[in-house]
Amino acid sequence: MKRKLLSVLLCTGMLASMLAGCAATTAQAPAEAQSTEAEAGAEEASSDASAEGEVTITYWGWDVSNFAQPLMDKYHELHPNVSFEPTAVEWGDMIPKTQQALASGSELPTIIPMDLGLLGAWKNIDDIFVDLRDYGIDPSKYNQALMASTTDDSGKIFGLHEAVNPAAIAYKRDLAKQYLGTDDPEEIQAMLQTYDDYITVGQKIKEASDGKAFMFHSGQAIAEWFYFASTTPNSENGAINATTKYTEIMDLLTKFRDAGIVDSYQNGTPEGNATYADDSHIFFPCPDWAVSYYIVANDPDGAAAGNWGLIMAPKGYQHGGAAMGITTSATDEQKQAAYDFITWAISSEEGATLMKDTAGYITHDTTINTGDFAKRSDEDVFGGQDISKVFYSDIASRIEIASPSPYDGDITNVRNDVAQQVMDDPSIDTAAAVQAAKDELATIVTDTSVEIK
Amino acid sequence: MKVIKKILTWVPLILLALVSLIPFWLMFSMSTYKSEMIFQNNPLIPSNFLMENIKTIMESNFVHSYLNSLFVSALAMVLSVIVCSMAGFAMTVYQFKAKKFVNTLIMLTMMVPTQIGIIGYMIEMRNLHLNQTLIPLILVWIASGFGAYWMTSFIQSALPMELVESARVDGAGEIMIYLRIAFPCIRPGLVTLALLQFLWSWNSYMYPLLFINKQENYTIPIFVKSLASAYRTDYGAQLTGLTLATIPILIFFALGSKTFIRGLTAGAVKG
């Protein structure tokens, strides 16, 4: 009898613990659990803060060592009572990790950076971020296109962009001279005013090189360029503008592909990045951060020789970048300290200079970013060309950003997949590419109330 | 004829071995390159950047993450083997009313995808005030449906009930029977389960991702992923981290390979 009892206890005990993970239901509703946690945290932190004036700001982000840590170290030096606990979280894991934490009522960090391409998804997570207007932000002094992307329909400002990231088109001077007869940025710019010009010039390169040289290295890279340059909103009135948006992108991509001016490397892969240093790919979409991360990193010899040039794309656009938001579950002290830190980093001469020197990011605060503030120290990569003017004066002032939608991440992933299919299979035309994109999107967007137009 | 037969045997085997080994070699070889140089050269031939990559990961949090992973995986492995073997022993040796029901439940837990239970597990850990520690990463492997099922099946085929009965006749207690009689008989099964649990825990990404919010608690998979900034992924350093991370797995498999295979094939041939 004893043995039987023992065996039942052993097995059921093990099963209970085994099932706990599977079957444990939310005894508390997530929101309720979240608020209880927040209240508990608030009490704890506020007592700490009032007793010693100490505040700890937590941060999850994918750019800790390069961007956040140097700013945090300096801020802590200036304000010893403010400490930071940054956690590196991979870019693609930011939203799932946050959603799981919200659903389980676990702690959220004080500051969350939101990638430009996922702003809509972040905005869609209910009330996770404070309204920066409550802390006295002056939106008029920042880049208006960027501010609009972090302002919701009610006027709430849920994040502040770290920097302006204008994107241009970079090219290799030696290959331009060889195939186009000039490496002068003004002359190249004059040749490339419209997307059709790119096709004409690309074919000229193809002929001059006997088909060996391509204008661009990757269909995915130029699809990304067309995507960011498009101002068509991804969604409107609860419906996804899939046909309009993808037609815009795929039509250009298939034209470029059919003209034979684009190679089929996958964007951002080590193989694709190696084309920065070869002698068969000439032009590359180039946000300001790509100068150090792509050009100098992948083509150190060419960079040292000043073998690069820069021109504006047909449309001014922003590529990449992130906005920092402050979570509502943080304590009042944490929120205020986080706001002070963010505005110090972006809107003070000291913080913005440090951000520029350590991460290479240029603030979009127009009261700081004046005169020679944005003057880059790496213009020798471009043979002394004034790329600071191209990026931060010529392009930054005409940046347009499509209003964020909750489906931006899905639309981007599908665009990337289909762009590669288009490059790998020349029989896919615009209509087939758009249909493939819509079909794939329909499998990802599981909300049946959302129409995929 | 014999030569042709040999060729037909060896060529496919060599090809299969190459298919399996080349990724390993590439992982090592690529870890000797600066990230941006990997595909500007032939990545099959090692370069000279290994020490720089090692320096990069050492200057980050690699050693601490490595120790965390070792701690978590070793503890998860030991505890899981103890609990699962006890469950398997109970399910095999004892007869009790709810046995069939319990067995069905064990099977059912194996059918439920981990992702479904993770929020419940997070709530459980939060209520136990364990969510800022490494303990959730250990506990999750201890009560393993697969482990209980595996040990039950293994004990059924490897432990003769006559031995248990004889031990009882000789006056041995149940704990003594479990430790002295059952344990030696089921060693291959235990080793197999231990290796699998260690491997799963060592490679686990989702649980650390959701539970770890402090750099000091990073495990290897999270550390490796963190070797990327906004616009650059340091593949060279990541692959160096991965190469070093496979060392304990290789050692464990090398030490236990014979027993591991015996465990996997146990019961395959009935005498």
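Read-outs throughout are calculated quantities, based only on the coordinates presented, and are distinct from any laboratory measurement. Everything quoted here is computed from the prediction, not taken from an experiment. Quick reminder, even Gly has a Cβ in these numbers, built from the backbone with ideal geometry, and neighbours come from all protein chains shown.
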* **J(HN,Hα) series, segment B:119-133, from Karplus relation 6.51 cos²θ - 1.76 cosθ + 1.60, nearest Hz, glycine and proline x** => 5, x, 5, 5, 5, 4, 5, 5, 5, 8, 6, 10, 6, 9, 10
* Could you go through segment A:333-347 in sequence order and give the Karplus-derived ³J(HN,Hα) for each residue, using 6.51 cos²θ - 1.76 cosθ + 1.60 with θ = phi - 60°, rounded to whole Hz, and x for Gly and Pro? => 5, 5, 4, 5, 5, 5, 4, 4, 5, 4, 6, 5, 5, 9, 10
* Structure fact -> Amide H neighbours of A:Thr58 at under 5 Å, excluding residues fewer than 5 places away on the same chain, with H built from the backbone geometry, are A:Glu85, A:Thr110, A:Ile111
* To do: State which stretch of chain B is the longest one without any exposed trypsin sites (Lys or Arg not before Pro), exposure meaning a DSSP loop state and at most 14 other Cβ atoms within 10 Å.
  => B:98-213
* Report, by chain and number, residues whose modeled amide H sits under 5 Å from the one on A:Ile452, excluding near sequence neighbours (fewer than 5 apart, same chain). => A:Ile240
* Structure fact -> Projected onto the charge dipole of the protein assembly as shown (unit charges on the beta-carbon of Lys, Arg, Asp and Glu, signs +1, +1, -1, -1), the Cα from A:Thr275, B:Ser257, A:Val414 with the largest positive-side position is that of B:Ser257
* Structure fact -> Restricting to Cα pairs under 8 Å and 6 or more apart, the percent relative contact order of chain A works out to 25 percent
* **3J(HN,Hα) from dihedral phi, segment B:17-27, Karplus parametrisation 6.51/-1.76/1.60, rounded to Hz, x for glycine, proline** => 4, 5, 4, 6, 8, 4, x, 4, 5, 4, 4
* Structure fact -> For A:Ile362, the residues 5 or more places away or on another chain with a placed amide H closer than 5 Å to its own amide H are A:Val164
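For the protein assembly as shown, what is the charge dipole size about the Cα centre, in debye to the nearest 20, if Lys and Arg each add +1 at the Cβ and Asp and Glu each add -1 at the Cβ?
4620 debye
Students often get this wrong, so check it: of A:Lys206/A:Lys389; B:Lys6/B:Lys258; A:Lys206/A:Lys255; A:Lys177/A:Lys255, which have C-alpha atoms separated by over 19 Å?
Details: A:Lys206/A:Lys389 31 Å; B:Lys6/B:Lys258 26 Å; A:Lys206/A:Lys255 15 Å; A:Lys177/A:Lys255 25 Å.
Over 19 Å apart, Cα to Cα: A:Lys206/A:Lys389; B:Lys6/B:Lys258; A:Lys177/A:Lys255.
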* Give the cross-link partners of B:Lys100 among the lysines, using a straight C-alpha distance below 23 Å as the criterion and excluding same-chain residues fewer than 8 apart. => A:Lys2, A:Lys4
* **Nearby lysines by direct alpha-carbon distance to B:Lys55 (threshold 21 angstrom, same-chain neighbours under 8 apart not counted)** => B:Lys34, B:Lys225
* Asked: Hey, what number do you get for the protein assembly as shown at 222 nm if only DSSP H runs of n ≥ 4 count, each worth -39500 (n - 2.57), divided across all residues, to the nearest 500?
  -> -17500 deg cm²/dmol
* Structure fact -> Counting only DSSP beta bridges fully inside the protein assembly as shown, the antiparallel percentage to nearest 5 is 70 percent
* To do: Return, for the Cα atoms of segment A:275-393, the radius of gyration and Dmax in Å, separated by a comma.
  => 17.2, 56
* Asked: Say the dipole of chain B comes from +1 at the beta carbon of Lys and Arg and -1 at that of Asp and Glu; which of B:Ile119, B:Ile54, B:Tyr178 then lies farthest toward its positive end?
  -> B:Tyr178
* **Farthest positive-ward along segment B:61-226 dipole, Cα basis, beta-carbon charges - from B:Val224, B:Thr152, B:Trp202** => B:Val224
